[in-house]
Amino acid sequence: MGFREEQLQSGETLIIEAHPHFITVLWPLVFFVVSLIVGLGLAQWRQTPWFLLLVVPFALWFFGKWMVRITSEYIVTDSRVVKQQGIFTRTSVDAPLDKINNIFHEQNLIQRALGYGKVGLETASELGMVEFPDIPRPLSFKNTIVAQREHYKARKSNRSAEL
């Protein structure tokens, strides 16, 4: 899927792109593998393909979660922060760096140990709040946004001083 060059505005540079943490597909993967092992064991014992009734729902759950994970993108450029998601219908939320009032990150103890969490933006636009759940290294993502916001403000003030 990926954030493509044609999605960038004129003169805009892609700084960082992230997807939800692998943990979002961990439980579906575990249940799929366990159901596959149990199902294959039952198939060997009973000599019937009924194990598919056990395996297919968990395979579909895992595949669905995996597709959601790879089609959810969290992007920081040198002028905006973008959240894109969706498999069949893509939605996109852009937050210009100069409209961001507050940036926060949130992690509980387990999330800190596993290296993921939530980053949120409060904007001055009608968007209000934009959240990036289950993001890997949320503090790093937050710091990238803060740094880009400061660079953007400095560029903007340099341009206005030149005029």
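Taken together, the values in this text are just the output of simple stated rules run on the coordinates, not laboratory data. What you are looking at is a predicted structure, and each value in this text was computed from that prediction instead of being measured. FYI the Cβ positions are ideal-geometry reconstructions off the backbone, even for glycines, and counts take in every protein chain you see.
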Summed residue charge, Cβ within 14 Å of I145's Cβ, Lys/Arg positive, Asp/Glu negative: +1
Distance between modelled label sites at S125 and R4, nm, 7 Å Cα→Cβ extension: 2.1
On Cα atoms only, tilt of 138-162 relative to the major axis of the chain in degrees: 20
On Cα atoms only, tilt of 51-71 relative to the major axis of the chain in degrees: 10
Segment L53-R155, length gained on full extension (0.36 nm per residue, minus Cα span): 30.8 nm
Kirkwood-based Rg to Rh ratio, the chain, C-alpha trace: 1.15
Sites L139 and W66, calculated FRET efficiency, Cβ-Cβ separation with R0 22 Å, nearest 0.05: 0.30
Computed over the range 25-66, Cα set: Rg, Dmax in Å: 10.5, 32
Across K99/K142; K118/K153; K83/K142; K99/K153, pairs whose alpha-carbon gap is larger than 21 Å: K118/K153
